[in-house]
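Report on one structure; see the data block that follows.
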Amino acid sequence: MKYDYLIVGSGLYGAVFAYEMKKRGKKCLVIDKRKHIGGNIYCEDVDGIHVHKYGAHIFHTSNKKVWDYINQFAEFNNYINSPIAKYKDELYNLPFNMNTFSKMWGISTPKEAQEMIKNQIADLNITEPKNLEEQALSLVGKDVYEKLIKGYTEKQWGRDCKELPSFIIKRLPLRFTYDNNYFNDRYQGIPIGGYTKIIEKMLEGTPVELGISYKEFLAKNGKIFDKVLYTGMIDEYYDYKLGVLEYRSVRFEEERIEEENYQGNAVVNYTEREVPYTRVIEHKHFEFGTQPFTIISREYSSEWKKGDEPYYPINNEKNNALYEEYKALAEQENDVIFGGRLGNYKYYDMDKVIEAALNKVDEIGA
Ligand SMILES: Cc1cc2nc3c(=O)[nH]c(=O)nc-3n(C[C@H](O)[C@H](O)[C@H](O)COP(=O)(O)OP(=O)(O)OC[C@H]3O[C@@H](n4cnc5c(N)ncnc54)[C@H](O)[C@@H]3O)c2cc1C
């Protein structure tokens, strides 16, 4: 058996690519080292609650083409992401908006909020921010920074905001309307039935082998394909010969609770340093679940080392320069295409992954 494409990785990128290539008459085989399909958007159905095993995933896009495309595979519900921030015993709406400001300062008009922030920024007199703390303070002032940014960011990066470079926070959008919708995108929702179903549909009719890595597959079968689409880590493909690209990782602690409604919202961010986790996700609220029990995941941001699950690329100067070197190697390959968040060493939202995979298929012109 010879395939046109061996697709390494059954995540969203690999699945879109497989679907499009099958449509174009190509023979594909998908492999994944995990025991399930879907990559990081994989959801496990636990008695009717779709548990986002690799972190909360909310689909949002302003790209109509991508929205129409994904709607071929699932109907989306009307979930709107409106996270809550918990700082000690205070609760605030996110993103930073008039609800946040009125709770924080007891004010009610946009003018009062703008004035408050302007004065707090002016008091600090920061002209050239030297680190993330100064950068954030110069954008939002003391109160929002101390209650909603400092502790959360320190947990995310595992170090003090004074030791973090300012470029991590380029902008901090402030919204002077009473609008808790986290995303500005035109389209948003959660697929009814979960994300795994989407991937199943995309891979319908394409053979899939799970629990096998690319190298194991090659050792076992030899080169039974013409080309490879590789959505794993680009540095791993090259045996880290130029160096190791760094990531931040996340540990999820899942708990089933015999209570109908634990926190009243899908996403609650814990913004104080002293609480060790960054967020608690209550999965049923993504789909307005009414089960008599609930499932939550506490998210702990953690250091990453080779062999751990990579989540967020650390796109600092050093890593970006190293990625460019790997990319130069990749460009010399005739039979291997690198794609997806790991192949491109880039944080991609789902809509951007779909767009990139569709563009790649067009570029190949199969
Ligand atoms: C915590 C978190 C939350 C997120 N939330 C959102 C959100 O709310 N909204 C949004 O739009 N996006 C979100 N994203 C982004 C989203 O997860 C990605 O856009 C998407 O999953 C990327 O798909 P992919 O196919 O590129 O990669 P992946 O899903 O990582 O798929 C790659 C697959 O390749 C397999 N693989 C890797 N190496 C090998 C190998 N050597 N051999 C065999 N198989 C291999 C892996 O096991 C994996 O299954 C989030 C990301 C994270 C980390």
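In this structure, is residue 21 more than 30 Å from residue 253 (Cβ to Cβ), of a type in the set (A, V, I, L, M) and outside any helix (DSSP H, G or I)?
On the way: more than 30 Å from residue 253 (Cβ to Cβ): yes; of a type in the set (A, V, I, L, M): yes; outside any helix (DSSP H, G or I): no.
When the stated conditions are applied, residue 21 does not pass them.
Look at region 190-202: where a residue is assigned by TED's automatic domain parsing to the domain that holds residue 12 and a partner is polar (S, T, N, Q), sitting 6+ places away or on another chain with Cβ atoms under 7 Å, you get 190/77; 192/77; 199/10. Take the conditions (1) modelled with pLDDT of 95 or more; (2) of a type outside the set (S, T, N, Q); (3) away from the ligand (no atom under 13 Å from the Cβ); (4) under 20 Å from the mean Cα position of the chain (by Cα); residue 321 misses just one of them, which is (4). When region 241-256 is limited to residues that are without any contact (Cβ under 8 Å) to a residue 60 or more places away in the chain and not in a loop (DSSP other than H, G, I, E, B), the one that is farthest from the ligand (Cβ to nearest atom) turns out to be 255.
Among the residues of region 1-23, write down those that are of a type in the set (Phe, Trp, Tyr) and either within 12 Å of the ligand (Cβ to nearest atom) or at pLDDT below 95 (or both). So that I can check it myself, show each step before the final result.
Filtering region 1-23 down to residues of a type in the set (Phe, Trp, Tyr) leaves 3, 5, 13, 17, 19.
The answer is 13, 17.
Within the set 175, 171, the sole residue that is among the basic types (Lys, Arg) and either touching a residue at least 40 places away in the same chain (Cβ under 8 Å) or crowded, with 16+ Cβ neighbours inside 10 Å (or both) turns out to be 175. Among the residues of region 279-294 satisfying the criterion of being under 20 Å from the mean Cα position of the chain (by Cα) and farther than 25 Å from residue 151 by Cβ, which is farthest from the ligand (Cβ to nearest atom)? Ranking the qualifying residues of region 279-294, first place goes to 284.
Residues in region 188-238 that are within 12 Å of the ligand (Cβ to nearest atom) and among the charged types (D, E, K, R): 209, 215, 216, 235, 236. What number of residues within region 8-24 are touching a residue at least 12 places away in the same chain (Cβ under 8 Å) and farther than 26 Å from residue 52 by Cα? Final tally of qualifying residues: 3.
Could you go through region 345-357 and let me know if any residue there is under 20 Å from residue 244 (Cβ atoms), in contact with a Phe, Trp or Tyr (Cβ under 6 Å, 6 or more places away or on another chain), crowded, with 21+ Cβ neighbours inside 10 Å and not acidic (Asp, Glu). Yes: one or more hits. Among the residues making up region 295-323, those that are buried (at least 18 other Cβ atoms within 10 Å of the Cβ), of a type outside the set (A, V, I, L, M, F, W, C) and part of a strand (DSSP E or B) are 297, 299, 301, 313.
What residue, among those in region 223-244 that are among the basic types (Lys, Arg) and exposed (fewer than 14 other Cβ atoms within 10 Å of the Cβ), is farthest from residue 306 (Cα to Cα)?
Initially, region 223-244 is screened for residues among the basic types (Lys, Arg), giving 223, 227, 241.
Subset that is exposed (fewer than 14 other Cβ atoms within 10 Å of the Cβ): 223, 241.
Details: 223: 27, 241: 13 Å.
Across region 223-244, the extreme among qualifying residues is 223.
Among the residues of region 24-70, those that are assigned to a loop (DSSP other than H, G, I, E, B), surrounded by 15 or more Cβ atoms within 10 Å (Cβ to Cβ) and away from the ligand (no atom under 14 Å from the Cβ) comprise 26, 27.
If we keep just the residues of region 85-102 that are among the hydrophobic types (A, V, I, L, M, F, W, C) and over 30 Å from residue 199 (Cβ atoms), which is surrounded by the fewest Cβ atoms within 10 Å (Cβ to Cβ)?
First pass over region 85-102, keeping only residues among the hydrophobic types (A, V, I, L, M, F, W, C): 85, 91, 94, 96, 98, 101.
Keeping just the survivors that are over 30 Å from residue 199 (Cβ atoms) gives 85, 91, 96, 98, 101.
Values: 85: 23, 91: 12, 96: 22, 98: 21, 101: 27.
Checking each candidate, the answer is 91.
The values are calculated or read from the model by the stated rules, or taken from the named source; none is laboratory data. Remember, predicted model here, so these are calculated numbers, not experimental data. Glycine also receives a Cβ, built like all others from the backbone with ideal geometry; neighbour counts cover every protein chain displayed.
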